[in-house]
Amino acid sequence: MLAVTLADLLYRARQFLIAILGTGLVFGLALLLSGLANGFTVEINQTVAGFGADTFVMAGSSAGRITAFVAFPQSEVLAVRHDPGVSDAAPLLLVPSLVAQTTKGTSTVVLAGVREGALGAPSPISGHALAGPGQAVVDDRLHVALNSVIAFGHHAFTVVGLVSDRSLLGGVPVVYVPLADAQALAVGGRPIVTAVLATGRPTTVPPGLRPYTTEEVQASSVQQLSGPIKSIKNTQWLMWVVAAVIVAALLYVAALERRRDFAVLKALGSSSAALFGSLLLEAVIVALVASAFAEVASNLLTPIMSQPVDIPGLAYATLPLIAVVVGALASLVALRRATGADPAAAFS
Amino acid sequence: MTVLTGPAADTGATLDVRDLTVEFNSGGYLVRPLERLGFNAGDGELVVLLGPSGCGKTTLLSCLAGLLTPTSGHIDFGGVDVTGLRGSDLGAYRRSTVGVVFQAFNLIPSLSARGNVVVPLRLAGVGRTEARQRAEALLERVGLEGRAHHRPGQLSGGQQQRVAIARALVHDPPLVVADEPTAHLDYIQVEGILRLVRQLATAGRMVVVATHDDRVTNIADRVVELTPHFADADRAPVEVRLAEGDMLFEQGDRGDLVYQVTEGQMEIFRVLADGGHETLTEVGPGQYFGELGPLLNLPRSASARARRPSVLVGYTVREFRKLFPHGLVAADELNAG
């Protein structure tokens, strides 16, 4: 029956190609969705890790979420720095949503005020680090050039360095400026911060504050996005269902067209199981080829997404397995056609 | 049923059909294309099943090929009770004992000529190389060695029929059944196919051909006519008297008379597959019924029963035509009346 199956695939190549394209696109979208969901996590992990701290001392009411705007006096930094468990400490003022004017137009950015040359200051991949007031290091997602100007109202900054993979809240780029500049433009110059970055683990912290490890900050910040991530993953499941429906529709039409073939094959001695196996094999082949097409298509489609997309390697590895399951389930729709074929109908 | 015997049968597998009856549900109605059919044939014979459409030829072939289980009766081929086979034994019979040539060829369109011929062997578990070699040898035997790689859509009707015959022969079955092998062919192709069919019937192989073309009987060793010929029957009209509730004839019966009601009333009804019945019409004095079966050599399509004590006259087809020389139109006008 293998030869019969492969011959039928070739005979109906155009029909199967259309189904492969459709199913492949759906698989590709599902991969993209898994990348989007994973992208939220990867984005947060990279950006939080990028501050280079072992511990984030933050207000207890922030629950350790990096974007929680719960500020406290900058003077608390000294207490943390002098703790015997800490070797270095620096302030961080993170403002989750500000509107900036760039050469590309208006953009929403996350503003990170850091001490120049201290813990938390970014290391650019091009240009140079922050060296004084009026300077900014921005994520390349903002698509601005070195030495261009980024302005927050009447506060203007020169872009002196570019970093990569520094964004939060689903692709909102981070703009790093000197702490004093951030305090001036965001909180009217008040000496407040939202976190103390520390190397080591403090033995005690000032009242109202709590120490969080990098991992705790990452996990808590990701948990904040659990709703959107769950929605994306649910949509991903729907994509598998749509893929199964496409393959099932193809199989059903093929089974209808092959009714007489099934009757003839049964008359020649084929079993119902062998006929169903032929349809099952066709469905699995279509789904597997579609999955290969999807892995290419998803990489081609990733650049059009404005949010970070990080398709996990496991998704690529499991896609063929999912394709086999999708194909197998889809073939059930044609089960009755194959097993119910009456060999006597070959005479009619 | 008429059976013409031919030359004495040789040794080898013989075919014995006894009291074969097939009933099935057709659109809710009970249809009985075969009723208590019986005949036999010997090894090496070319048996022709002759009859018009609807007389049960294809049904009989389906039973011989193990594709249809009859309602009752027996088929014995080469000592094997075909009607008693089930499951894997039935599958083995289909794969190894019988080769089938279907009407309209029924080749798998996605397979080449060679691919189609290989299928029965591969289903029987023959290895790929051996199956291919045997297929090519058979295609050469039927004159298609240059067409092995062509798909059915690229072959003429005659060539497709040759591929179908090669497929039926490739596993060397002792019984080959062919359904209307000359249908859809021009006269040149018909000659070639009939020559081939005649050659197939040799010692060790019986060929059973179903056809409505009575020219094929000229090459047959044995002819089984599935319908009697009523058109030539010639006898005087016969009077029939029925009491209320008496059956005149039943659905599926073979009859040679057309009836006209002289007195009383007859109910014409159909028996349904679930055992119920559906009244079609009632006929009274001066009206006729039951003409199509005898005219077309078909079984009675309905039953007739007396509603009241009735007197009818039964006419043969010849006598009925004398009554209505202008055909059924005149007769229908009488019934409409």
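Quick rundown of the values:
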quantity	calculated
Strands (runs of 3 or more DSSP E) enclosed by the stretch B:1-69 - at least 3 residues per element that are at pLDDT below 90 and closer than 28 Å to A:Val264 by Cβ	B:10-26, B:29-43
Meets criteria (out of contact with any Lys or Arg (no Cβ under 9 Å at 6 or more places or on another chain), within 14 Å of chain A (Cβ to nearest Cβ) and in contact (Cβ under 8 Å) with a residue 12 or more places away in the chain) for B:Val170	no
Scope the stretch B:104-121; condition more than 7 Å from every other protein chain (Cβ to nearest Cβ) and either without any contact (Cβ under 8 Å) to a residue 12 or more places away in the chain or crowded, with 19+ Cβ neighbours inside 10 Å (or both); matching residues	B:Phe105, B:Leu107, B:Ser112, B:Ala113, B:Arg114, B:Asn116, B:Val117, B:Val118, B:Leu121
Test: residue in the stretch B:83-96 that is in contact (Cβ under 8 Å) with a residue 12 or more places away in the chain, touching a strand residue (DSSP E or B) at 6+ places or on another chain (Cβ under 9 Å) and within 13 Å of chain A (Cβ to nearest Cβ)	yes
Residue that is farthest from B:Gln265 (Cα to Cα) [pool: residues in the stretch B:282-317 that are modelled with pLDDT under 90 and surrounded by fewer than 15 Cβ atoms within 10 Å (Cβ to Cβ)]	B:Leu292
Answer from A:Val222, A:Val247, A:Val253 - the residue that is surrounded by 20 or more Cβ atoms within 10 Å (Cβ to Cβ), more than 14 Å from chain B (Cβ to nearest Cβ) and among the β-branched types (Val, Ile, Thr)	A:Val247
Positions within the stretch A:1-31 being among the basic types (Lys, Arg) and more than 9 Å from chain B (Cβ to nearest Cβ), in sequence order	A:Arg14
Subset tally (residues that are of a type in the set (A, V, I, L, M, F, W, C) and either crowded, with 20+ Cβ neighbours inside 10 Å or part of a strand (DSSP E or B) (or both)) for the stretch A:106-147	13
Hey, B:Val100 under 23 Å from B:Leu15 (Cβ atoms) and either more than 9 Å from every other protein chain (Cβ to nearest Cβ) or surrounded by fewer than 17 Cβ atoms within 10 Å (Cβ to Cβ) (or both) or not	no
Filtered residues of the stretch A:196-234 (kept if touching a Leu at 6+ places or on another chain (Cβ under 6 Å) and closer than 30 Å to A:Leu335 by Cα)	none
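Residue-by-condition table, conditions (1) crowded, with 19+ Cβ neighbours inside 10 Å; (2) on the phi < 0 side of the Ramachandran plot:
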{"position": "B:Val17", "(1), (2)": "yes, yes"}
{"position": "B:Val31", "(1), (2)": "yes, yes"}
{"position": "B:Arg36", "(1), (2)": "no, no"}
{"position": "B:Ser96", "(1), (2)": "no, yes"}
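The values are calculated or read from the model by the stated rules, or taken from the named source; none is laboratory data. Since this is a predicted model, take the numbers as computed values, not measurements. In this analysis, Cβ positions are derived from the backbone assuming ideal geometry, glycine residues included, and neighbour counts consider all displayed protein chains.
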